[in-house]
Amino acid sequence: MTMIRALALCLLTCVPAQAQEVAPETIDQFRPLPLHQVAAAVSERYAGRLLAADTRAPRPEERGLGAELVYQFRLATPQRNLLDIRIDARTGRFLSVSGRGQLAARQAAQD
């Protein structure tokens, strides 16, 4: 009988934790912009061809600016340089642009 009690106790303590309930207002607070809309903003600001788009977790400095999710784009400029562009998925704010030829690509996009 003690073996059955021990087994029952073991099974009760090994039950997986219940999933946490998430309040609906918490879900409604975060609404990322559509990826195609943010990609259009990148194409308006920089000349070139978008090669890739991805969602990423924000870096610590981006999280400090309030970013919860980041869209990262890879763009090939007309001068054959590569730009990495990171944008806040919720607000559409440009967080960082890295790579050679940023100014040339930006100027070409404004013409």
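For the pair residue 56/residue 96, report the inter-label distance in nm, with labels modelled 7 Å from Cα in the Cβ direction.
In this crude spin-label approximation the distance works out to 0.7 nm.
Could you calculate the contour length gain from residue 43 to residue 68, that is, 0.36 nm times the residue separation minus the distance between their Cα atoms, to one decimal place in nm?
6.7 nm
Tell me the relative contact order for the stretch 57-111 as a rounded percent, counting alpha carbon contacts under 8 Å between residues six or more apart. Present the calculation step by step, with values, prior to reporting the outcome.
On the way: 80 pairs, mean separation 14.4, N = 55.
Averaging sequence separation for qualifying contacts and normalising by length gives 26 percent for the stretch 57-111.
Given labels modelled 7 Å from the Cα in the Cβ direction, how far is it in nm from residue 30 to residue 80?
4.1
Compute and list, largest first, the equivalent-ellipsoid semi-axes of the stretch 35-89 from the alpha carbon gyration tensor, each √(5λ) rounded to a whole angstrom.
21, 11, 9
Here, each number is a calculation from the coordinates, and none is a lab measurement. Predicted model, so just to flag it, every value in this text is computed and none were measured. Because the Cβ atoms are built from the backbone with ideal geometry, glycine has one as well, and the counts that use them run over all protein chains shown.
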